[in-house]
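Comments concern the structure below.
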Amino acid sequence: MPPFSAGDGDRCWIIAEAGVNHDGDADKALRLIDVAADAGADAVKFQTFVPEELMSRLAPKAGYQLRATDAGESQLDMVRKLRLSEAEHHRLAEACARRGIRFLSTPFDLPSLAFLVGELGLETLKLSSGEVTNAPLLLAAARSGRRIILSTGMATEEEVREALGVLAFGMLGGASPSRPAFAAAFATEEGKAALADKVALLHCTTEYPAPCTDVNLRAMDTLRDVFGLPVGLSDHTEGIAIPIAAAARGARIVEKHFTLDRTLPGPDHRASLNPDELRAMVAGIRAVEAALGSPVKAPAPSEIGNIAVARKSLVTRRPVRAGEILTPDMLTAKRPGTGISPMRLWDLLGTTARRDYAPDEQLDAEVR
């Protein structure tokens, strides 16, 4: 399987982001898997964390979390209610296998990363935008030998470069971590080759929902051109237009939050797609992929049969007698396009008609 594809070349890999939209309920998480599979997504992604490893008791909620949840509740207390147990993770992975959809989860701390790799055996790790500067987690992910999809929300180009340096260092087996060692690993051909083999970047705007004016899809091009890696979009806008546009710009991966019901309480429901919208997004991306087609400008198979109907041929405006010299007032272009092309009009003017023509009759090859 090519890196970060669904199995056939450059097909966009669609990740349905369930995240914590199960609200800590494993049965609801199982329903989310069914929705993602029914929509045709390639993978369904959850979030794995140990609350006390993820944040301190003093960590404030983000603005969108305050708007969507109990403002008097701490972020730590909020995420404690959203955690799924290790046993429940196994249930989800088994359900994904039954439905034929890839199971993914984002680790937010070192114990969770170790669990996803060691217990669940994930081949691909998705790291969130908040981990771009978390060098210990980046290093552990790189040393795991897994493929890595790294979101880059809130990051500058230099911060992405430094994160990739940590990954390159870990992938090359570096033993003494330091910022100079990370930069040196990134600069080597071996480091670049390791990144190209194992890493994809997702452009992202970390706000829920994200304003379209802040999305800057052209930044995907910059990430692709600067770092030479597969690039996609982790989208937090409302609706499905932006992820479909990203696919049209060549995104190799599209990730989008979805929920069973946007009116449910919880931090991410309001900025997520409902099941029908997820299905429509997947269908739209697949339609765009089909439409991108070949760069060669030539008639498509479906339109070849319409050439004769839509194009025109040279015909006579009035009766023309054999021996007459053809002049502009005698000829015009009319459908169907089964005769001499109007492009040859000026080649025929001044030549002699070899036979009689009735009005609207196509000129033929006997005209010299």
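The values are calculated or read from the model by the stated rules, or taken from the named source; none is laboratory data. Here the structure is a predicted model, which is why all the values come from computation and not from measurement. Virtual Cβ from ideal backbone geometry, glycine too; neighbours counted across all protein chains shown. These area figures cover heavy atoms from the full protein model, side chains too; ligands, DNA and RNA do not enter into them. Shrake-Rupley method; radii C 1.70, N 1.55, O 1.52, S 1.80 Å.
Observations
- The separation of the range 196-216 from the range 219-240, counted between C-alpha centres, amounts to 6 Å.
- The fraction of accessible area contributed by carbon and sulfur in the chain is 54 percent, rounded to a whole number (1.4 Å probe; ligands and nucleic acids excluded).
- Overall Cα dimensions of the chain, principal axis frame, Å, largest first: 100, 49, 38
- Mean-position separation - Cα centroids, the range 324-368 and the range 157-174, in angstrom: 70 Å
- Based on protein heavy atoms only, the chain ends up with 47 Å² per residue of surface accessible to a 1.4 Å probe.
- Taking amide H positions as modeled 1.01 Å from N, with prolines and chain starts lacking one, the residues under 5 Å from residue 105 and 5 or more places away or on another chain are 46, 126.
- Under a Gaussian network description of the chain, with springs only between Cα atoms under 10 Å, the residue in 286, 147, 57 that fluctuates furthest is 57.
- Positive-end residue, the chain charge dipole about Cα centroid, Cβ charges, pick of 298, 48, 177: 298
- Shape of the range 86-139, Cα gyration tensor, a/c cut at 1.5: prolate
- Entry note, the chain: the mean residue ellipticity at 222 nm calculated from DSSP H runs of n ≥ 4, each adding -39500 (n - 2.57), is -11000 deg cm²/dmol after division by the residues and rounding to the nearest 500.
- Most fluctuating residue given options 255, 324, 131, as computed from a GNM of the chain linking Cα atoms under 10 Å: 324
- Rounded if a/c under 1.5, otherwise prolate or oblate - the range 14-151, Cα gyration tensor axes: oblate
- Cα-based Lys proximity count in the chain, under 27 Å, for pairs eight or more positions apart or on separate chains: 22
- Length-normalised contact order of the chain in % [C-alpha pairs under 8 Å, at least 6 apart]: 14 percent
- Using alpha-carbon coordinates, inclination of helix 275-292 to the longest axis of the chain, degrees: 50 degrees
- Among 319, 177, 230, residue whose mean-square fluctuation peaks in a GNM of the chain (springs only between Cα atoms under 10 Å): 319
- Where labels lie 7 Å past Cα in the beta-carbon direction, separation of residue 352 and residue 81 in nm: 9.8 nm
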